[in-house]
Amino acid sequence: MTAFDATPLHDATALTAGGRVARIHLNGQLYALRITRAGKLILTK
């Protein structure tokens, strides 16, 4: 088993509950994870 195999895997559509945006909280900061129309991910503050 490699370190990559041990890395948690999360489905982006599950994180967004089937929508396009998920809010993520880290160290007092709030981020938005967006799924674009092209199916790419964008993480913004």
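Condition test on Leu9, is it without any contact (Cβ under 8 Å) to a residue 24 or more places away in the chain and within 12 Å of the chain's Cα centre (by Cα)? Spelling it out, Leu9 is indeed without any contact (Cβ under 8 Å) to a residue 24 or more places away in the chain and within 12 Å of the chain's Cα centre (by Cα).
The set of residues in segment 1-18 that are assigned to a loop (DSSP other than H, G, I, E, B) and either of a type outside the set (Asp, Glu) or modelled with pLDDT under 80 (or both) comprises Met1, Thr2, Thr7, Pro8, Leu9, His10, Thr16, Ala17, Gly18.
For segment 11-29, which positions are surrounded by 10 or more Cβ atoms within 10 Å (Cβ to Cβ) and not basic (Lys, Arg)?
Taking segment 11-29 and keeping what is surrounded by 10 or more Cβ atoms within 10 Å (Cβ to Cβ), we get 12-13, 15-16, 19-24.
If the condition is that a residue be surrounded by 10 or more Cβ atoms within 10 Å (Cβ to Cβ) and not basic (Lys, Arg), then Ala12, Thr13, Leu15, Thr16, Gly19, Val21, Ala22, Ile24 are the ones that fit.
Of all residues in segment 30-40, exactly one satisfies the criterion of being part of a strand (DSSP E or B) and either exposed (fewer than 12 other Cβ atoms within 10 Å of the Cβ) or touching a Gly at 6+ places or on another chain (Cβ under 7 Å) (or both), namely Leu30.
The values are calculated or read from the model by the stated rules, or taken from the named source; none is laboratory data. None of these values were measured; they are calculated from a predicted model. Virtual Cβ from ideal backbone geometry, glycine too; neighbours counted across all protein chains shown.
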